[in-house]
Amino acid sequence: MTATMIFDLITGIFTIIGVFFTVVAAIGLIRLPDIYSRTHAASKSATLGVMFVLFAAVLHVYVDEQVFDARLLLGLFFVLLTAPVGGHLISRAAHAKKIPLWEKSLQDALKEDKEKGIE
C-alpha cells in the first residue's frame, strides 16, 4: 500500500465523518422541538461536519497536487469561529424576544442568571 493510497483512505474517512455530522445537523434541524435546540444542532454538528470535509480537502489537495492551500485552512478557521458564535447570538436574540422554550425543558439558565443580576 503506497502513501498516496493511505492518504486517500484517510481523506475518505474524514469526508465520511464530515458527511455524517452534516446529516446529523440536518436531522436535528428538522426533528428538534424549539429554536434553542435547533441552533445547538446547527452550530455544533454542522461545524464539525464542515471542518472534517474541509480538512479532507486540505489533505487531498496537498497529497494529490503537492500544493498547500491556505484558503482551505482559512475557511476551516472561519467556520470554527463564526458558526458557534452565530448560533449563540441567534439563541440570545430568541431569548430576548421572549420566544418560549420547549414545554418539557427543565431549566432556563439565562433567565435565572438575569434574575440574579449575572449576565
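The values are calculated or read from the model by the stated rules, or taken from the named source; none is laboratory data. None of these values were measured; they are calculated from a predicted model. Here Cβ is always computed from backbone atoms with ideal geometry, including for glycine, and neighbour counts include all displayed protein chains. Quick note on the areas: whole protein, heavy atoms, side chains included, nothing else; ligands and nucleic acids left out. Shrake-Rupley method; radii C 1.70, N 1.55, O 1.52, S 1.80 Å.
Remarks
- Within the range 9-29, the set of residues being open to solvent by 70 Å² or more (accessible area, probe 1.4 Å) and more than 30 Å from GLU103 (Cα to Cα) comprises LEU9, ILE13, ILE16, VAL19.
- Residue count for the range 63-102, restricted to those that are closer than 30 Å to ALA3 by Cβ, under 14 Å from the mean Cα position of the chain (by Cα) and open to solvent by less than 70 Å² (accessible area, probe 1.4 Å): 3.
- Each residue in the range 75-108 was checked for being among the hydroxyl-bearing types (Ser, Thr, Tyr), at pLDDT below 90 and under 30 Å from VAL58 (Cβ atoms), and 0 pass.
- Test: residue in the range 52-67 that is modelled with pLDDT of 90 or more, of a type outside the set (Val, Ile, Thr) and closer than 20 Å to ALA26 by Cα: yes
- Within the range 83-97, residues that are polar (S, T, N, Q) sit with their Cβ atoms under 9 Å from residues that are open to solvent by 30 Å² or more (accessible area, probe 1.4 Å), at 6+ positions apart or across chains, in these pairs: SER91/ILE35; SER91/TYR36; SER91/HIS40; SER91/LEU110.
- Some residue of the range 30-47 being loosely packed, with under 15 Cβ neighbours inside 10 Å, assigned to a helix (DSSP H, G or I) and either of a type in the set (A, V, I, L, M, F, W, C) or free of Cβ contacts under 8 Å to residues at least 40 places away in the same chain (or both): yes
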